Amino acid sequence: MFPETVSRGRNLIGRLKKGDDLLVSLTRVCIEGNLRLGKLQAIGAISKAKVGFYLQDKKEYVELDFDQNMEIIALQGNVSLKGGLPFIHAHVALMGSDGRVIGGHLMEGTEIFACEYILNEYIPDNEENFSRALDDETNLFLWPGV
Ligand code: ZN
């Protein structure tokens, strides 16, 4: 039952490679580091972006593509298990050259120009509470422990 008290684990800090996919790269860091529950923050820049907006009535994501260079003003998210593997749910705010900010649910298809990330690991008493499962009400894979 939430909220659950968790213990602090490791802190992983690093930089991602130019040209790689942002979401895939961050997921790889978690898988290779066996980080199964945590907090994610990142800043940097991207050369193109794909973000999602969840249509609550249709229960599906609409994808938005931005084929332009932008700053990562804020990327924040969490790491938890989905299908037994670390899975990242992240939202991103991106700024174009005119200073305007767009954003959304980070999706594969966002290309890194530069990115510095910080991952804070948490250790739960019961990992199952943070293993994503399909929620019928929203059609999203959510934490089941409500
Ligand atoms: Zn989201």
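Please compute the net charge surrounding residue 41, taking Lys and Arg as +1 and Asp and Glu as -1 over other residues with Cβ under 14 Å from its Cβ.
Local charge sum for residue 41: 0.
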**Report entry** Over 32 Å between alpha carbons, listed pairs 17/58; 48/82; 39/59; 17/39
**Finding:** 17/58
**Report entry** Selected from 16, 35, 123, residue furthest toward positive end of dipole (the chain; charges at beta carbon)
**Finding:** 16
Query - Restricting the range 56-113 to trypsin sites (Lys or Arg not before Pro) in coil, as DSSP defines it, with at most 10 other Cβ within 10 Å - result: 58, 100
Requested in this report: Would you mind pulling out the separation of the Cα centroids of the range 47-112 and the range 114-146, in Å?
Outcome: 17 Å
Query raised in the report: In the range 61-98, which residues have a backbone nitrogen under 18 Å from the label point lying 7 Å from residue 132's Cα in the Cα-to-Cβ direction?
Result: 61-64, 75-93
Requested in this report: Quick one: net charge around residue 129, please, counting Lys, Arg +1 and Asp, Glu -1 for every other residue with C-beta under 15 Å from its C-beta.
Outcome: -2
Report task. Taking H placed 1.01 Å from N in the peptide plane, check which residues at least 5 places from residue 74 or on another chain put their amide H under 5 Å from its amide H. Result -> 93
Requested in this report: Kindly write out, for the range 101-107 in residue order, the coupling ³J(HN,Hα) from the Karplus curve 6.51 cos²θ - 1.76 cosθ + 1.60 (θ = phi - 60°), rounded to whole Hz, with x marking Gly and Pro.
Outcome: 10, 10, x, x, 7, 4, 10
Report task. Order these peptides, 42-50, 1-9, 24-32, by their mean beta-carbon neighbour count within 10 angstrom, highest first. Result -> 42-50, 24-32, 1-9
Requested in this report: Classify the chain as rounded, prolate or oblate, taking a ≥ b ≥ c as the square roots of the eigenvalues of its Cα gyration tensor: rounded when a/c is under 1.5, otherwise prolate if a/b is larger than b/c and oblate if not.
Outcome: oblate
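FYI, it's all coordinate maths here, none of it is from the lab. Everything numeric here is computed off the predicted structure, so don't read it as measured data. Glycine gets a Cβ as well: all are built from the backbone with ideal geometry, and neighbour counts include every protein chain shown.
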